[in-house]
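Below you'll find the structure, written out as structure tokens, and then a few comments.
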Amino acid sequence: MLDCSVHGVRNMHRDNRAEREEVTFKRRDRNHVEIRNGLRDVGVFVLDIADMGKGVPDLLTVWERRVKLLEVKMPGEGLTPDEEKFHGKYPGDIAIVYSLQQAIQEVRG
């Protein structure tokens, strides 16, 4: 199983004292940027929410007032346990996509 996060620490300065804040970045699949930007290029509103973690899908899309969440995966990859849990509980439209063409079909119907 892949660990989908990279941990880092960012220093913040307030009142001349350093505070440490944990920052977590979710690993993105190699096709993530291509799919996000490609959807935007064809007029889909796309909000990149990949850094939310905890199984939340990568992209929130809106096309003709329809909202659909997209989980971006590389071919052959499956959902993580957190993603499976989210998909099982989310009451709206959600899809797993492996390519830009598939993402366009899912969003634009």
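Sorted largest first, the spans of the alpha carbon positions of region 28-108 along the three principal axes are 32, 27, 20 Å.
For region 88-102, backbone phi angles converted through the Karplus equation (6.51, -1.76, 1.60; θ = phi - 60°) give residue-by-residue couplings of x, 9, 5, x, x, 7, 8, 8, 9, 10, 10, 8, 4, 4, 5 Hz, Gly and Pro being listed as x.
Since every read-out is calculated from the coordinates, none of them should be taken as a lab result. Predicted, not measured: the structure shown is a model, and the values here were computed from it.
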